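*Asks:* Handing you a structure now.
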Amino acid sequence: MVSDRMQNTHDPRYDGIYQRGNPTGAASSAVSPAPRAPALHWPTEDTATPSVIREVGSEAPRPPEPSLPPRNPFDVWAWVVAAALVALGVYFLSAPMIHEQQYVDQLTLGQMSTPYSNPWFNYTVAAAPPLIFLGVATAVAQLFVLSNRHTLRTR
C-alpha cells in the first residue's frame, strides 16, 4: 500500500506529465490545441423553390429491404388435390345413402334394363377410405412442408 507521503514525491522513472504535482511543468510540454474545423459551405436556396431538408455528407447506402421469396405454384395445387381427394372419398362413402332411394324407385317402376343389377354406388364404398386417407395425408404433408419452409426462412 502506498502512503500519502510517497504520492507527493517525484519518480524519475516516469515523465513529469505523469507525476502528481507535475514538477517539470506539463503546460510547457503540452501540445498546442487542434485547429478549428473549416466552415461548411451552405448552398443558397432559390426563393421560388420551397426549402427542403437536406442531409450533410454522403448518403449512406441503405441495406436492401427483405423481400419475400416467390411462392411455390404447386402449393395451391397440393391443397386442391387434398381437398378433392377428401371430398371424393366422402361422396363415395355416402353414395349408397344418397342414391339408394333413386335405385329402389327405378327397380319398382320397371325401368331397369335387367331384372337385377348391382348398382354402381355399391363399389364406391371400398374406394372411399383410401381416398379420404390420401387426401388427409396430402394435407398433412403440405402443412409439414410449409412449416419447414417458414422455419428455414425466419432463421
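Every number here is computed from the coordinates shown, using simple stated rules; none is lab data. Owing to the predicted nature of the structure, the values given are computational and were not obtained by experimental measurement. Glycine also receives a Cβ, built like all others from the backbone with ideal geometry; neighbour counts cover every protein chain displayed.
*Asks:* Using the Karplus curve 6.51 cos²θ - 1.76 cosθ + 1.60 with θ = phi - 60°, what ³J(HN,Hα) values do you get for each residue of the stretch 123-133, in whole Hz, with x for Gly and Pro?
*Replies:* 7, 6, 4, 6, 8, 5, x, x, 5, 5, 4
*Asks:* Through the Karplus equation 6.51 cos²θ - 1.76 cosθ + 1.60, θ set to phi - 60°, convert the phi angles of the stretch 139-155 into ³J(HN,Hα) values in whole Hz; use x for Gly and Pro.
*Replies:* With coefficients 6.51, -1.76 and 1.60, one gets 5, 5, 5, 5, 4, 4, 5, 5, 5, 5, 4, 5, 5, 5, 5, 8, 7 Hz.
*Asks:* What FRET efficiency comes out for residue 67 versus residue 87 if R0 is 30 angstrom and r is the Cβ-Cβ distance? Round to the nearest 0.05.
*Replies:* It comes out at approximately 0.25.
*Asks:* For 154, 108, 138, what's the fewest-to-most ordering of other Cβ within 10 Å of each Cβ?
*Replies:* 154, 108, 138
*Asks:* Still on this structure, I have one more. How would 132, 17 line up from fewest to most surrounding beta-carbon atoms within 10 angstrom?
*Replies:* 17, 132
*Asks:* Rounded to a whole number, what is D in µm²/s for the stretch 74-154 from Stokes-Einstein with the Kirkwood radius over alpha-carbon pairs (10 °C, 1.306 mPa s)?
*Replies:* It comes out at roughly 105 µm²/s.
*Asks:* Another question, if that's okay. Could you please rank 80, 136, placing first whichever residue has the fewest other Cβ atoms within 10 Å of its Cβ?
*Replies:* Lowest to highest Cβ neighbour count: 80, 136.
*Asks:* Let me ask something else about it. Testing the spin-label approximation: label points 7 Å from Cα along Cα→Cβ at residue 102 and residue 127. State their distance in nm.
*Replies:* 1.6
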